[in-house]
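Shown next, in structure tokens, is the structure this report addresses.
The values are calculated or read from the model by the stated rules, or taken from the named source; none is laboratory data. Note that the structure is a prediction, hence the values are computed from the model and not measured. Cβ: placed from backbone, ideal geometry, glycine included. Neighbour counts: every protein chain shown. All accessible areas refer to the heavy atoms of the entire protein, side chains included, with ligands and DNA or RNA removed. Shrake-Rupley method; radii C 1.70, N 1.55, O 1.52, S 1.80 Å.
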Amino acid sequence: MRIVRAKDYEDMSRKAAAIIAAQVTLKPDCVLGLATGSTPIGTYKNLVAAYEAGDLDFSQVKTYNLDEYRGLPGDHDQSYRYFMNVNLFDHVNIDKANTHVPDGLMEDYEAACAEYDEAVAAAGHQDLQLLGIGNNGHIGFNEPCDSFIKGTHCVDLTESTIQANSRLFDSIDDVPRQAYTMGIGTIMGAKSILVVANGDAKAQAVHDMCYGPIVPSCPASILQLHPNVVVVADEAALALCPAE
């Protein structure tokens, strides 16, 4: 696991975007695993700017998103399909037929989750998986629990995650209580993983991810077992980590 220190959020976003841009440049038909939430927004803005400058071509890129709220249609302004359209897909030359987000309205969700994993595998797995990390150490919506769940599945969101996401909704009562998420096995199948983190609220989770025991109570700790992980984090998020 390699840690890249950034001065602040803007520096973190530039550094993370540069890593993704290098992947797209080196392999124009790459498979990207993408994340949502507030942390990667700056990264996506930098990627859009690079595209607009003529430095990036997304025409052959395929994407698979980590997760989606259960019960939200793709055109809901808090769905992750909507988020990806607004923050990246609508602003670059990606073929939306090559962009994939779990269907929040899936009826037979067990079959649909299995099909999502099969689609990721059929695409050759993610060349690069972008991740954020939750205050409680979750990645995707893999919440702290008693075991690492391998495949894409439906999860009950913890109260801390619901509270953290409530800022995006009119009321905390509007926040979905469940989500579909790639499992740990699907994430770990990526050839490379890029984790972005900023702010002192993430400091404990980042420390536990990088230096703590590998336990499902901190799902991100499993990343210590992956051979190619880069963590790009600002000084505040790395406050509890030893200087290297």
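Below are the figures for this structure:
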| quantity | calculated |
| --- | --- |
| Thr39 being within 22 Å of Glu10 (Cα to Cα), modelled with pLDDT of 95 or more and under 17 Å from the mean Cα position of the chain (by Cα) | yes |
| Scan of the range 185-205 for residues that are surrounded by fewer than 22 Cβ atoms within 10 Å (Cβ to Cβ) and either aromatic (Phe, Trp, Tyr) or farther than 16 Å from Ile162 by Cα (or both), ordered by number | Gly185, Met188, Gly189, Lys191, Ser192, Gly199, Asp200, Ala203, Gln204 |
| Residues satisfying the stated conditions in the range 112-144, i.e. small (Gly, Ala, Ser) and either closer than 25 Å to Pro216 by Cα or in contact (Cβ under 8 Å) with a residue 24 or more places away in the chain (or both) | Ala112, Ala114, Ala119, Ala121, Ala123, Gly124, Gly132, Gly134, Gly137, Gly140 |
| Leu72 vs. criteria of a type in the set (A, V, I, L, M, F, W, C), within 21 Å of Asp127 (Cβ to Cβ) and either touching a residue at least 12 places away in the same chain (Cβ under 8 Å) or crowded, with 19+ Cβ neighbours inside 10 Å (or both) | no |
| Restricting the range 86-103 to residues that are in contact with a helix residue (DSSP H, G or I) (Cβ under 8 Å, 6 or more places away or on another chain) and open to solvent by less than 50 Å² (accessible area, probe 1.4 Å), the residue that is farthest from Ala50 (Cα to Cα) | Pro102 |
| Selection count, the range 112-123, where residues are open to solvent by less than 40 Å² (accessible area, probe 1.4 Å), of a type in the set (Gly, Ala, Ser) and in a helix (DSSP H, G or I) | 2 |
| Criterion violated by Tyr64 - all others in (1) surrounded by fewer than 22 Cβ atoms within 10 Å (Cβ to Cβ); (2) in contact with a helix residue (DSSP H, G or I) (Cβ under 7 Å, 6 or more places away or on another chain); (3) under 26 Å from Glu115 (Cα atoms) satisfied | (1) |
| When residues of the range 217-233 are limited to those that are in contact with a helix residue (DSSP H, G or I) (Cβ under 8 Å, 6 or more places away or on another chain) and assigned to a loop (DSSP other than H, G, I, E, B), the one surrounded by the fewest Cβ atoms within 10 Å (Cβ to Cβ) | His226 |
| Residues satisfying the stated conditions in the range 96-141, i.e. polar (S, T, N, Q) and modelled with pLDDT of 95 or more | Asn98, Thr99, Gln126, Gln129 |
| One residue from Thr152, Thr181, Thr158 being within 15 Å of the chain's Cα centre (by Cα) and open to solvent by 10 Å² or more (accessible area, probe 1.4 Å) | Thr152 |
| Given (1) over 23 Å from Phe141 (Cα atoms); (2) hydrophobic (A, V, I, L, M, F, W, C); (3) buried (at least 20 other Cβ atoms within 10 Å of the Cβ); (4) under 15 Å from the mean Cα position of the chain (by Cα), index of the condition Ile19 fails | (3) |
| Residue count for the range 24-35, restricted to those that are buried (at least 16 other Cβ atoms within 10 Å of the Cβ) and in contact (Cβ under 8 Å) with a residue 60 or more places away in the chain | 6 |
| From the options Ala236, Ala243, residue that is part of a loop (DSSP other than H, G, I, E, B), hydrophobic (A, V, I, L, M, F, W, C), open to solvent by 10 Å² or more (accessible area, probe 1.4 Å) and modelled with pLDDT under 95 | Ala243 |
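The rows are residues; the columns are (1) touching an Asp or Glu at 6+ places or on another chain (Cβ under 6 Å); (2) acidic (Asp, Glu).
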{"residue": "Asp173", "(1), (2)": "no, yes"}
{"residue": "Thr181", "(1), (2)": "yes, no"}
{"residue": "Asp200", "(1), (2)": "no, yes"}
{"residue": "His207", "(1), (2)": "no, no"}
{"residue": "Cys210", "(1), (2)": "no, no"}
{"residue": "Glu235", "(1), (2)": "no, yes"}
